[in-house]
């Protein structure tokens, strides 16, 4: 049942998903024509420009996947089969997550392709950099940063979806209610992070090796990230996701 729901969500948003993927590919192809005319740093740097718009895409799509259900009245049909609300909500969130992962992979592949074409990896500056800071550290740090970025965006999607579903409980001023709920739920996450820092202070912290330059000498410095606020925000995000399911099952008239 879940995979059928996921496939349905993907088919319902395939045009948007394919358009964004096509735009990323065309952008990479355009930059490939600038190789030799533009500096290599600019060509490789610009390939990451579309990534700055992915948070907006995530917010927009998080709303659209629910608007489509209410527009076509398909959510009422699925809930009457019977099917638990988590089947619908998790499939919608999974479509957004799959899009973010796929677009990130396309962008990274484009950066690697352009990096190989421009030969920027063989530049003396990067060679000196990798002689001090190993390339595997950059790869691990990039993957860690990407995982944190994806975690934050998925939390943002949950907040947006919770605000939209909550607004559907009202027949008037739905847009105003959605904006108010979005601000409220964002405040809840921020407050949960503060409380989590105190409540889960006993949990082990994260230790990350960060770049550090002292007296013009490069090296590493261990940065400590408290795990309590992260756990608090994560649990609050689960609570908001539970709220979406509760509203879908109990408050939506089937």
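Taken together, the values in this text are just the output of simple stated rules run on the coordinates, not laboratory data. All values derive from a computational prediction rather than experimental measurement. In this analysis, Cβ positions are derived from the backbone assuming ideal geometry, glycine residues included, and neighbour counts consider all displayed protein chains.
By its C-alpha gyration tensor, with a ≥ b ≥ c as the square roots of the eigenvalues, how is the stretch 149-254 shaped: rounded for a/c under 1.5, else prolate for a/b larger than b/c, else oblate?
Values: a/c = 3.55, a/b = 2.47, b/c = 1.44.
The shape class here is prolate.
How large is the Kirkwood hydrodynamic radius of the stretch 1-122, counting all unique pairs of alpha carbons, in Å? Walk me through the numbers on the way to the answer.
Values: mean 1/r = 0.0619 Å⁻¹.
Evaluated over the stretch 1-122, this radius sits at 16.2 Å.
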FRET efficiency for residue 225 and residue 150, using Cβ-Cβ distance with R0 set to 25 Å, rounded to 0.05: 0.90
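Packing-wise, with mean Cβ within 10 Å as the measure, how do 101-109, 88-96 rank, highest first? All intermediate terms of the calculation are to be shown ahead of the outcome.
Working: 101-109: 15.7, 88-96: 22.1.
Output ranking for 101-109, 88-96: 88-96, 101-109.
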Applying 1/(1 + (r/R0)^6) with R0 = 35 Å to the Cβ-Cβ distance of residue 235 and residue 19, what FRET efficiency is obtained, to the nearest 0.05? 0.45
At R0 = 41 Å, how high is the FRET efficiency between residue 243 and residue 138 if r is their beta carbon distance? Nearest 0.05 is fine. 0.55
